[in-house]
């Protein structure tokens, strides 16, 4: 149980588990050739400011004002996110490796069963 202390009272809260189900986006919703929106433009500008704090060897050298499409923005954002949060990039790589190893195990067991028959 968690306790939160406020100015005048204490609130005790139990452990709550609430799962929000999110539908998969429509595959047509991402169009790499579509011009970027002002929201994405602002995100790119914000990331370019963070990029200035990286070592020169980790900087992209991309002029952010030349980014015009969602595909270009996606590449830039993905690259900088991996540089700014390396632990997240490592976690994603280990998930991919684990998924591949699970697939290999499944494929191996299927081929082994076929050879027995």
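Readers should treat all values here as calculations from the given coordinates under stated rules, not as data from a laboratory. All values reported here derive from a predicted model rather than from experimental measurement. Virtual Cβ from ideal backbone geometry, glycine too; neighbours counted across all protein chains shown.
Here are the numbers for this structure:
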{"read-out": "Simple label model, 7 Å out from Cα along Cβ direction - residue 75 to residue 63, nm", "value": "1.6 nm"}
{"read-out": "Within region 37-65, backbone nitrogen closer than 14 Å to the virtual label 7 Å beyond the Cα of residue 84 toward Cβ", "value": "40-55, 59-60"}
{"read-out": "Convex hull volume per residue for region 31-85, taking Cα atoms only, in Å³", "value": "72 Å³"}
